[in-house]
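Novice: Okay, here's the structure, questions in a sec.
The values are calculated or read from the model by the stated rules, or taken from the named source; none is laboratory data. What you see is a predicted model; the values in this text were computed from it and never measured. Glycine gets a Cβ as well: all are built from the backbone with ideal geometry, and neighbour counts include every protein chain shown. These area figures cover heavy atoms from the full protein model, side chains too; ligands, DNA and RNA do not enter into them. Shrake-Rupley method; radii C 1.70, N 1.55, O 1.52, S 1.80 Å.
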Amino acid sequence: MVARPLRVVYFGTPAFAVPALRALLASPHQVVALVSQPDRPSGRGQHVGPTPTKQIALEANVPILQPLKLRDEAFGSTISSLNADLGVVAAYGRILPDALLKIPRLGMINVHGSLLPRYRGAAPVHRAVIAGEEMTGITIMRVVAQLDAGPMLATATRSIGPDETSVEIEQALAEISAGTLVDVVDRLAEGPVMETPQDDALATYAPKLEKTESSIDWALPARDIHNRVRGLQPWPMASTTIHGTRFVIHRTRLTDQVNDAAAGTVVEAGGDVLSVVAGDRKVLRVLMIQPEGRRAMTAREFLSGRKLEPGVWLGRP
């Protein structure tokens, strides 16, 4: 049992931040406010709805703040009035100004989706999957002015399966982060916690994903293409064109097959099999594909609705 529960202000917006928020709400500590990004249109219908963390806060009757500007004097005064012991940040989506970091008595800590100092930045899970990493994790670190460079208070690891997507990994890391975060907050409530400086010489960066990264370059090795298909989810998604029409690729599978056809050539298209040659002559199977404006479908469903002959080049006008 924690001797002196802490008053915590929680900065977080997307689904990744939900498990840690739930864990704090179930702990002895008091979440005195949620700070979330403003509600924005989402989905095909572009309906405006509460952010994932806001929905949890509403259910728990936690005060909600959604400032348009973090440097607004009134917002800073509101945070000060909460008398928070600690700030917790989890995928809030904006860089916090220095003045805000100094308000809680114990400063602010952050839940980051990588094993720091690797993959500092906005898209650590996606970049790790795209790079073909076999191991990842989360880091609880102190928030400092430099991006994701603060000393580390705790880490937890998780392997990356060869066919797992960034969506699946991010969901798993969010769950792992919940228990790790509460343990750190418990320890901070008892007194100073050992903080391990990051080795900046080992730092790598994970810039945000861009829409222009969607298009598959079939000249890449098959494994690289497979990793991009896994890592560009749920946005912008890996895509290619067939006879000039765009299709989104949801799932692929590596094979041991080799073919001398040009990169991007369909070498088999029948039954359950839709196979394409990559730049290293390895054959990559497409398992799930989505025509624009329609649902994702299996290769069999896709091929039963259209005639696609071996020899067709993907990604060509």
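Novice: Just checking, does region 1-12 include any residue being free of Cβ contacts under 8 Å to residues at least 60 places away in the same chain and surrounded by fewer than 23 Cβ atoms within 10 Å (Cβ to Cβ)? Outline the logic, then answer.
Specialist: Of the residues in region 1-12, the ones free of Cβ contacts under 8 Å to residues at least 60 places away in the same chain are 1.
From what is left, the residues that are surrounded by fewer than 23 Cβ atoms within 10 Å (Cβ to Cβ) are 1.
Taking every residue of region 1-12 in turn, at least one turns out to be free of Cβ contacts under 8 Å to residues at least 60 places away in the same chain and surrounded by fewer than 23 Cβ atoms within 10 Å (Cβ to Cβ).
Novice: Hey, among the residues in region 205-222 that are touching a strand residue (DSSP E or B) at 6+ places or on another chain (Cβ under 6 Å) and not hydroxyl-bearing (Ser, Thr, Tyr), which one's most open to solvent (accessible area, probe 1.4 Å)?
Specialist: ILE216
Novice: So which residues in region 161-192 are open to solvent by less than 20 Å² (accessible area, probe 1.4 Å), in contact (Cβ under 8 Å) with a residue 60 or more places away in the chain and of a type in the set (Val, Ile, Thr), if there are any at all?
Specialist: THR165, VAL184, VAL185
Novice: Looking at this structure, is GLY270 surrounded by fewer than 16 Cβ atoms within 10 Å (Cβ to Cβ) and either of a type in the set (Phe, Trp, Tyr) or without any contact (Cβ under 8 Å) to a residue 24 or more places away in the chain (or both)?
Specialist: no
Novice: Which residue, of ALA23, ALA15, ALA57, is open to solvent by less than 70 Å² (accessible area, probe 1.4 Å), small (Gly, Ala, Ser) and in contact with a Gly (Cβ under 7 Å, 6 or more places away or on another chain)?
Specialist: Details: ALA15 fails: in contact with a Gly (Cβ under 7 Å, 6 or more places away or on another chain); ALA57 fails: in contact with a Gly (Cβ under 7 Å, 6 or more places away or on another chain).
The match here is ALA23.
Novice: What number of residues in region 187-215 are over 26 Å from VAL129 (Cβ atoms), in a loop (DSSP other than H, G, I, E, B) and of a type outside the set (A, V, I, L, M, F, W, C)?
Specialist: Matching residues across region 187-215 total 4.
Novice: With region 219-306 as the region, which strands (runs of 3 or more DSSP E) entirely inside it contain at least 2 residues that are under 27 Å from the mean Cα position of the chain (by Cα)? Please lay out each step first, then the result.
Specialist: Values: elements: 238-242, 245-258, 266-270, 273-277, 282-291.
By residue number, 238-242, 245-258, 282-291.
Novice: Identify all residues within region 239-264 that are closer than 17 Å to PRO162 by Cα and open to solvent by less than 40 Å² (accessible area, probe 1.4 Å); write none if there are none.
Specialist: ILE249, THR252, THR255
Novice: If we only count helices (runs of 4 or more DSSP H) wholly inside region 63-160, which ones have 1 or more residues that are open to solvent by 50 Å² or more (accessible area, probe 1.4 Å) and either closer than 19 Å to ARG230 by Cα or in contact with a helix residue (DSSP H, G or I) (Cβ under 8 Å, 6 or more places away or on another chain) (or both)? Quick ask: steps written out before the conclusion?
Specialist: Numbers: elements: 73-81, 98-101, 124-130.
Output list reads 98-101.
Novice: Then there's this: Considering only region 304-316, I want to know if a residue exists there that is open to solvent by less than 60 Å² (accessible area, probe 1.4 Å), in contact (Cβ under 8 Å) with a residue 24 or more places away in the chain and touching a Ser or Thr at 6+ places or on another chain (Cβ under 6 Å).
Specialist: yes
Novice: Could I ask something else about it? Under 9 Å between Cβ atoms, which residue pairs at least 6 apart in sequence (or on different chains) link something in region 221-235 that is of a type in the set (Phe, Trp, Tyr) with a partner that is surrounded by fewer than 24 Cβ atoms within 10 Å (Cβ to Cβ) and assigned to a helix (DSSP H, G or I)?
Specialist: Close Cβ pairs satisfying both conditions: TRP235/LYS211.
Novice: Within region 293-300, identify whether any single residue is open to solvent by 80 Å² or more (accessible area, probe 1.4 Å) and either of a type in the set (A, V, I, L, M, F, W, C) or under 18 Å from GLN233 (Cβ atoms) (or both), and answer yes or no. Break it down stepwise before answering.
Specialist: Initially, region 293-300 is screened for residues open to solvent by 80 Å² or more (accessible area, probe 1.4 Å), giving 294-295, 300.
Within this subset, residues satisfying the condition of being either of a type in the set (A, V, I, L, M, F, W, C) or under 18 Å from GLN233 (Cβ atoms) (or both) are 294-295.
Yes.
Novice: Same structure again: Show the residue pairs meeting these rules: Cβ distance below 6 Å; 6+ apart or different chains; first residue within region 47-71 and over 17 Å from VAL88 (Cβ atoms); second residue of a type outside the set (Phe, Trp, Tyr) and open to solvent by 30 Å² or more (accessible area, probe 1.4 Å).
Specialist: From region 47-71, the pairs are VAL48/ASP39; VAL48/PRO41; PRO50/ASP39.
Novice: Please verify whether SER36 is surrounded by 19 or more Cβ atoms within 10 Å (Cβ to Cβ), within 19 Å of LEU153 (Cβ to Cβ) and at pLDDT 95 or above, treating the condition exactly as stated.
Specialist: Working: surrounded by 19 or more Cβ atoms within 10 Å (Cβ to Cβ): yes; within 19 Å of LEU153 (Cβ to Cβ): no; at pLDDT 95 or above: yes.
No; evaluated as a whole, the condition is false for this residue.
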